[in-house]
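Taking it in order: structure first as structure tokens, then the write-up.
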Amino acid sequence: MRKIGILTGGADCPGLNSVIRAVVRKGIQEGYVVTGIKNGWLGLIDNDMKVIDPKAISGILDRGGTILGTSRINPLDDPEQIRKIAENYKRSGIDAMIVIGGEETLRVALEFYKKKIMKVIGVPKSIDNSLSGTDYAFGFDTAVNIATECIDRLHTTAESHHRIMVIEVMGRHTGWVALESGIAGGADIILVPEIPIGIQEVCDAIHSRHKRGKTFTIIVVAEGVHCKDHPEFREKVDCGHSFGGIGEMIAQAIEQKTGYETRVSVLGYIQRGGTPSAYDRLIGTRFGVGAVELIKEERFGYMVSLHNNMIQSVPIAAAIEKRKTIDMGMYEMARVFFAE
């Protein structure tokens, strides 16, 4: 029997299990054996893999995280790890790999495909929704819903105490989560990595609101925002170091400059965990089925994608060539509401 391998790499997000479940069900239906690789690329290095049967995927559709586990290693940096991956992959008898991940995981997959180490199919996973080549990646919708709910909850306390509330959400290089949750949650100011800002600009907007009788302000900020006054925060992001803390810095600066009581809430990993939204379960399932179809068609080196609500495919190289930045038309629409 032909054998499919599947792994989840990079950070976890809601919807991974829906993809795994769909691959196993569709794969078995098409006559494949599906082998799960544990903990991303680390599983191929350690030869840690096992066959996934229907019993293993029972009841996982609404579970967050990934039953396969994940890791954030980049084996391309270590020739010995590449050798082990190639050796274990060949020994496993796997005919093709379905690799579920974001930019870095898919970049590794593409290199292995180019080196003829393995045949790969990509599935897009991105909390930030920053992958080109697909309208949506699973995980994003859940993150937006969670962020929106948190903004809704912070509205009432901000209004009651006449405070400035700064909510820091995920978005290292792109501001999709900040933009969509900010619009849906009725935020007054949205700060995204694509548009550098200065603290004084933010303070001027807050003063303008107070003059109009608005005694509170909700500010949504993506974690990778480029603040002109503090370029060191952006440098951390660009260099790939640990990041975050921009919300706290902005909150402190606002309070110092305006005298208005300011508080910050950092959502962090709350956006990654828990039950995936119905939409993420749906597109995760569609992606999983689509990935098996691409294997049947032998369209290796491609990533399954969503365009105009239709499952399609694009070369992995095109999907990771550049990041998908926010829709500026949507951002300008939001600015109209900021002026209220």
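Computed quantities for the displayed model
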quantity: Reachable aspartates and glutamates from LYS214, criterion Cα separation under 20 angstrom, eight or more residues apart if same chain; calculated: ASP152, GLU159, ASP188, GLU201, ASP204, GLU255, GLU261, GLU340
quantity: Nearest-ten-degree value, helix 79-92 long axis tilted from longest Cα axis of the chain; calculated: 50 degrees
quantity: Over the chain: helical MRE at 222 nm, DSSP H runs n ≥ 4 each giving -39500 (n - 2.57), nearest 500; calculated: -13500 deg cm²/dmol
quantity: Ranked list, fewest to most other Cβ atoms within 10 Å of each Cβ, for THR215, THR262; calculated: THR215, THR262
quantity: Value of relative contact order over the stretch 141-273, rounded to a whole percent, pairs C-alpha under 8 Å and six or more apart; calculated: 33 percent
quantity: Mean Cα-pair separation over length for the chain, i.e. relative contact order, pairs under 8 Å, 6 or more apart, %; calculated: 22 percent
quantity: Cα centroid of the stretch 283-340 to Cα centroid of the stretch 89-123, whole Å; calculated: 19 Å
quantity: In degrees, nearest ten, helix 199-211 long axis to first principal axis of the chain (Cα); calculated: 50 degrees
quantity: Links that overshoot a 32 Å alpha carbon limit, given the list LYS114/LYS228; LYS50/LYS115; LYS90/LYS324; calculated: LYS114/LYS228; LYS90/LYS324
quantity: Proximal lysines relative to LYS26, as straight alpha-carbon distance under 16 Å, when same-chain residues fewer than 8 apart are discounted; calculated: LYS3, LYS55, LYS296
quantity: Cα-based reach from LYS211 at 18 Å (exclusive), listing lysines while leaving out same-chain residues under 8 positions away; calculated: LYS257
quantity: Degrees between helix 328-338 axis and first principal axis of the chain (Cα, 0 to 90, nearest 10); calculated: 30 degrees
quantity: Antiparallel bridges, percent of DSSP beta bridges restricted to the chain (to nearest 5); calculated: 25 percent
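Throughout, read-outs are computed from the coordinates displayed, never taken from laboratory work. Not measured: the values here are computed from a predicted model. Here the Cβ is made from the backbone with ideal geometry for all residues, glycine too, and neighbour counts use every protein chain on show.
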